[in-house]
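This report concerns only the one structure given below.
The values are calculated or read from the model by the stated rules, or taken from the named source; none is laboratory data. Please read all numbers here as calculations on a predicted model, not as lab measurements. FYI the Cβ positions are ideal-geometry reconstructions off the backbone, even for glycines, and counts take in every protein chain you see. These area figures cover heavy atoms from the full protein model, side chains too; ligands, DNA and RNA do not enter into them. Shrake-Rupley method; radii C 1.70, N 1.55, O 1.52, S 1.80 Å.
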Amino acid sequence: MKHFLASFCLLGAFLHVCTQHTIPASEFQLEGDYLIGGLFDIHDDTGSVYHERPEALDCATKPFTFSNYRRFQMIRFSVEQVNNSTNLLPNVSLGYDIFDHCSDTQNFPGVLKLISANGSIQPWSDKQSVLSKVIAVVGPFTSTQSLTVAPLFMTNLVPMVNYATSTSVFSNKAKYPSFMRTLPSNSNMIDVIVRILQKFNWRWVAFLNSDDDYGNDGLDLFAQRIKDTEICLPYSKGLSDRTDYSQTFKQIEAQQINVIIVFALENNVEPLIESAVLLNVTNKVWIAGDAWALNKKLPKMKGIKNIGTVLGVAEPVVTIPGFSDFLHSSKAQLHCKYAEQDTFCNQKCNCSCMNPEDIFAADPSYSFAIYSAIYAIAHALHNTLRCGADKCDSNITVYPYIVLAELRKSNFTLVNNSIQFDDNGNLKQGSYSIVFWNNSGDAQEIGFYQFNSQVHFFVDDSKIEWHTNGKVPTSLCSPECPAGYKKKRNGIYECCFDCEICANGTYANITESPYACLKCKDIEWSEEGSTSCNLRAVEYISATDIVAMLVFAAACAFVCMTLAMSVLFSVNYNTPVVRSAGGPMCFLILGCLSLSNLSVFFHFGKPTVPLCTLRYLPFLLFYTICLACFVVRSFQIVCIFKIAAKIPKLHSWWVKYNGQWLVIVVAFVIQAIFLVVGYSCKPPSPYNETSWYPDKIILSCDISLQASTASVILLSSICTLCFIFSYMGKNLPKNYNEAKAITFCLLLLILTWIIFATECMLYRGKYIQLLSALAVLSSLYSFLFWYFLPKCYIILFQSHKNTQQYFQGLIQNYTKTISQ
């Protein structure tokens, strides 16, 4: 701290020596009741020069910048216009003290003079006894210059109203509490550039920035801004006086980048563009930042058309009334008489003899920002002094921090533009012009970008004369995938990808998920390479369908036939044919076959839980009774003809305890238990078959394997026993061989369900319901036709065979045969 204070004492002594000279009036100074400090880099000292000993910087010996000299004249004009105003600061005059701030780090004498009072700085004093007349400072131009000098003004909250520094760091009010600016920040500029890229679908770009605080801030903001976009940044480069432009352009060309964003100051851009022309860099789109979009020299350079199309983002050119007249009158008054006068450090221009037309024709960028800055300060001072229509309160002591407080409240209109600041010292609303360098060498306005509570962006691309013969140039790492394709990243950048077609049942949606094929819903379908899904056709056989009606007719015919056979058997109940067919058991079999037939009626119509439950339940339950009946019939036949003679005790026990009815009841009870338990645990339910046909939904029933396994196994076991017993009786008498009939019926039954199972594996369309119903009918008709119908035929047409004598003769002949 002691060293810091000592340094300030030495600097104060230096200022005191400098101010001992009498400084004549010049363009850099104007006396007034209150002063505005100005830091303008009329000359430019960007070269890296190493000194062996301390040297004072003489800006007048450095290269002259026409556009900055125009800005310098703008602050002089603005102050003069305020002083001539009848509404603003009546009876109060504004003056200025301006310095040629040509260096980022070596222009401290001018800065220290602005914060001094009577040539001295007293940092240890709580309150200076003599106040400085400087109430605010306008400038400097570059971000690095502002970062260098800002801390000196922030200490005493001296307002820094900047017209060109757009670096986002100055929005941090904790570090820069008295910094304000009358131009948009870099974040707005980057937003415009990104919107231009998105409008023309440029996704593969290079970013060249000046290697300083302004350019690096732009690069950082750009990288953040494109994170959630499809824009990729494969190449970026900081520009300085040591840049190898040839190597830079070779790397850009090697990566096939066609769009180059140049976010840099004029002193970096001019050698870049000159090198591009010299190195024959062609067919590129150049996007210029506001620092050089309105450059007057480059658009008229020889060979500039060969580099491609130049678009730019610039502050709108606002016509400021009276400025041209001021330049002519100011130069006429000076008559070059101050060109060689000795002044304070860096308050000499050697440029007073310039033509006013040349000054006015220079790059107008930031002119309105300077104009706004002066008027913002003037309005703040007007409010601080509580000025009325005729006078201001001269008894009020004006401190810079009071002016700062009023600056923050600014709310006025200037040349149809509203001037207001937000909490970060930035403009609440503003705009950019989007320009195109036409063939005439002018920056032609082709669009705009406005921001306040909302953002408005517009580009009239019909005004752009593209270097690609009217077509919008492209800049892509990979061409866009055709419709129905997904992207597959190829490399580290999202912009580089291969295209893969989306398979059946999926679709591509580049807005929702460009890197994946989205699966269609179960009720939808799509072909290969689709961009959307179509609703599947829902199919099932309704109860009114012609095939359903035919099956219903067959089922009804079956019921009628069983009823007719039951009547016929009841009429001929005591005949040998009926008794040999089972006697009373025939009626049970026919009745269960009819009840099994109920399942057929639930195979058609839109599946529901009750319909799916009844689709197989009656068949499984009552068909089990039928098969149990045939099991005992087969057993009885074999027992009578074979086992009775060999195992008489088994036969007697069977007859004594009515073994046939006991077997039937046990089979029925077990099957009923299996079905109740299985269907209760997981009842059948409607099921949408979506895997078989890509464009259809087949409505069917989902019958759980676990729920029906036990009942199916029981039915299969009974069928197997029936087949074994019936097969044992294959050599019985020809006219009394019921076992053969049962065996044939069982073979038809087994064959039917093998065919149906095979069809289920090969086909799952809507007609699987029809095949299931036909399998059930086939199972029922096989016993009706091949077991009961032959007996009906004997009763009706061969009555001579339906006698007791005929049957006894067959039995006696067979008994003699097996005894031999």
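Values for this structure:
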{"item": "Residue 434 open to solvent by less than 50 Å² (accessible area, probe 1.4 Å) and within 46 Å of the chain's Cα centre (by Cα)", "result": "yes"}
{"item": "Residues satisfying the stated conditions in the range 366-416, i.e. under 47 Å from the mean Cα position of the chain (by Cα), over 22 Å from residue 38 (Cα atoms) and among the aliphatic types (A, V, I, L, M)", "result": "415"}
{"item": "Within the range 157-181, considering residues that are of a type in the set (S, T, N, Q) and open to solvent by 10 Å² or more (accessible area, probe 1.4 Å), the one farthest from residue 403 (Cα to Cα)", "result": "168"}
{"item": "Number of positions in the range 173-208 that are polar (S, T, N, Q) and touching a residue at least 40 places away in the same chain (Cβ under 8 Å)", "result": "5"}
{"item": "Selection count where residues are in a loop (DSSP other than H, G, I, E, B) and surrounded by fewer than 15 Cβ atoms within 10 Å (Cβ to Cβ), scope the range 513-526", "result": "3"}
{"item": "Some residue of the range 254-270 being charged (D, E, K, R), modelled with pLDDT under 95 and more than 24 Å from residue 436 (Cβ to Cβ)", "result": "no"}
{"item": "Answer residue from the range 629-668, given it is at pLDDT 70 or above, exposed (fewer than 13 other Cβ atoms within 10 Å of the Cβ) and assigned to a helix (DSSP H, G or I) and is nearest to the chain's Cα centre (by Cα) among those", "result": "666"}
{"item": "Selection status of residue 552, closer than 30 Å to residue 228 by Cα and surrounded by 13 or more Cβ atoms within 10 Å (Cβ to Cβ)", "result": "no"}
{"item": "Residues (without any contact (Cβ under 8 Å) to a residue 60 or more places away in the chain and in contact with a helix residue (DSSP H, G or I) (Cβ under 9 Å, 6 or more places away or on another chain)) located in the range 247-262", "result": "248, 249, 260, 262"}
{"item": "Residue list for the range 678-725, restricted to those being in contact with a Leu (Cβ under 6 Å, 6 or more places away or on another chain) and open to solvent by 60 Å² or more (accessible area, probe 1.4 Å)", "result": "723"}
{"item": "Residues of the range 735-760 satisfying the condition of being crowded, with 17+ Cβ neighbours inside 10 Å, within 16 Å of residue 631 (Cβ to Cβ) and at pLDDT 85 or above", "result": "745, 746, 749"}
{"item": "Index of the failed condition, residue 467 passing every other in (1) assigned to a strand (DSSP E or B); (2) farther than 30 Å from residue 161 by Cβ", "result": "(1)"}
{"item": "In the range 470-491, residue least open to solvent (accessible area, probe 1.4 Å) [restricted to those that are in contact with a Pro (Cβ under 9 Å, 6 or more places away or on another chain) and either outside any strand (DSSP E or B) or hydroxyl-bearing (Ser, Thr, Tyr) (or both)]", "result": "481"}
{"item": "The range 123-133, residues that are in contact with a Phe, Trp or Tyr (Cβ under 8 Å, 6 or more places away or on another chain) and either buried (at least 20 other Cβ atoms within 10 Å of the Cβ) or modelled with pLDDT under 75 (or both)", "result": "123, 131"}
{"item": "Residue match in the range 705-728 (condition: modelled with pLDDT under 85 and outside any helix (DSSP H, G or I))", "result": "no"}
{"item": "Unmet criterion (only one of (1) modelled with pLDDT of 95 or more; (2) exposed (fewer than 13 other Cβ atoms within 10 Å of the Cβ); (3) β-branched (Val, Ile, Thr)) for residue 459", "result": "(2)"}
{"item": "Restricting the range 500-551 to residues that are over 19 Å from residue 697 (Cα atoms) and of a type in the set (Val, Ile, Thr), the residue that is farthest from the chain's Cα centre (by Cα)", "result": "551"}
{"item": "Residue check, residue 141 aromatic (Phe, Trp, Tyr), open to solvent by 10 Å² or more (accessible area, probe 1.4 Å) and in contact with a helix residue (DSSP H, G or I) (Cβ under 7 Å, 6 or more places away or on another chain)", "result": "yes"}
{"item": "Single unsatisfied condition, residue 151 versus (1) touching a residue at least 12 places away in the same chain (Cβ under 8 Å); (2) at negative phi", "result": "(1)"}
{"item": "When residues of the range 569-607 are limited to those that are crowded, with 17+ Cβ neighbours inside 10 Å and aromatic (Phe, Trp, Tyr), the one farthest from residue 745 (Cα to Cα)", "result": "604"}
{"item": "Hits in the range 258-306 - residues which are of a type outside the set (Gly, Ala, Ser), assigned to a loop (DSSP other than H, G, I, E, B) and surrounded by fewer than 22 Cβ atoms within 10 Å (Cβ to Cβ)", "result": "258, 279, 280, 282, 283, 296, 297, 301, 302"}
{"item": "Hey, residue 510 open to solvent by 80 Å² or more (accessible area, probe 1.4 Å), more than 30 Å from residue 447 (Cα to Cα) and not assigned by the TED database to the domain that holds residue 764 or not", "result": "no"}
{"item": "Inter-residue pairs, beta-carbon under 7 Å, first outside any helix (DSSP H, G or I) and in the range 360-385, second of a type in the set (Phe, Trp, Tyr), 6+ apart", "result": "362/66; 366/163"}
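Yes/no per residue for (1) within 20 Å of residue 774 (Cα to Cα); (2) modelled with pLDDT under 90; (3) assigned to a loop (DSSP other than H, G, I, E, B):
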{"position": "553", "(1), (2), (3)": "yes, no, no"}
{"position": "556", "(1), (2), (3)": "yes, no, no"}
{"position": "562", "(1), (2), (3)": "yes, no, no"}
{"position": "570", "(1), (2), (3)": "no, no, no"}
{"position": "579", "(1), (2), (3)": "no, yes, no"}
{"position": "588", "(1), (2), (3)": "no, no, no"}
{"position": "599", "(1), (2), (3)": "yes, no, no"}
